[in-house]
Amino acid sequence: MNRSLAVELLILAVLVTLGAGVRIVLGPHYPNFAPVAAISLFAGYFFSRTWVALLAPWLSMTISDAVIGGYEWQMMIVVYAMLMLPIAASYWLRQSLRIERSAGTKSIIYSVLALISGSLVSSVLFFLVTNFVWPWSDLYPHTLAGLMHSYQQALPFFRNTLYGDLFFACLLFGSYAFAVSAGWVRETSAERELVRA
């Protein structure tokens, strides 16, 4: 059964509020400990409409950047693109995650490992791509040593990215799994196979 657009827009509003709110409140104190990549991962899994899934990270970032303040436009394009990348994992996640009331222990373990893998891959790709900054930044020399220094300086932020992505992915998918197991939401294999519009 296809979810209605109204339900998807309501969930979208909740995700955008969470994403923007956490970045605005925690951003100054815990840089990169944010839910946006996890929201992107969840949006790709949950929404049947790709355009709704894409709005979740994009609106979260746009709203929070308007409050926090922006940075170089080239870097913003890279960051926004990398935060939408986890949506591309939706096909794999729909095949791997089993959030059904009848899921067995083996299926649950496999689902947890798939979620952790998806979160870690998203975090690592975000780190590698967004810290490859020399084409438009004067922060580091435009040499291999400058690139290595860029990655070295970003390691503390990477730790926060890993923690944040994993924490919020577990929170979102865990909350959804709880809602399914409580019978508040019905999740079936057919819903995971929806053709996206």
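The values are calculated or read from the model by the stated rules, or taken from the named source; none is laboratory data. Bear in mind the structure is a predicted one, so any value in this text is a computation, not a measurement. Positions of Cβ are generated from backbone atoms using ideal geometry, with glycine treated the same way; all protein chains shown enter the neighbour counts. These accessible areas exclude ligands, DNA and RNA; they are computed on the full protein's heavy atoms, side chains included. Shrake-Rupley method; radii C 1.70, N 1.55, O 1.52, S 1.80 Å.
For the chain, take the longest principal axis of its alpha carbons; what is the angle in degrees between that and the long axis of helix 5-26, to the nearest 10 within 0 to 90?
Helix 5-26 sits at roughly 40 degrees to that axis.
How much length would be gained if the chain were fully extended between Tyr71 and Val185, taking 0.36 nm per residue of separation minus their Cα-Cα distance, in nm to one decimal?
37.0 nm
Roughly what would the spin-label model give for Leu147 and Leu171, points 7 Å off Cα along C-beta, in nm?
3.5 nm
Report in % the part of the accessible area of the stretch 39-117 that belongs to carbon and sulfur, leaving out ligands and nucleic acids; probe 1.4 Å.
Percent of accessible area from carbon and sulfur atoms in the stretch 39-117: 71.
In square angstrom, what is the accessible area per residue of the chain with a 1.4 angstrom probe?
Result: 53 Å² per residue.
Of all alpha-carbon pairs in the chain, indicate the percentage at a distance above 21 angstrom.
Of all Cα-Cα distances in the chain, 52 percent exceed 21 Å.
Leu125 to Ser4: FRET efficiency via 1/(1 + (r/R0)^6), r the Cβ-Cβ distance, R0 35 Å, to the nearest 0.05?
So, using R0 = 35 Å, E works out to roughly 0.60.
How large is the charge dipole for the chain, taken about the Cα centre, if only the Cβ atoms of Lys, Arg (+1) and Asp, Glu (-1) carry charge, to the nearest 20 debye?
540 debye
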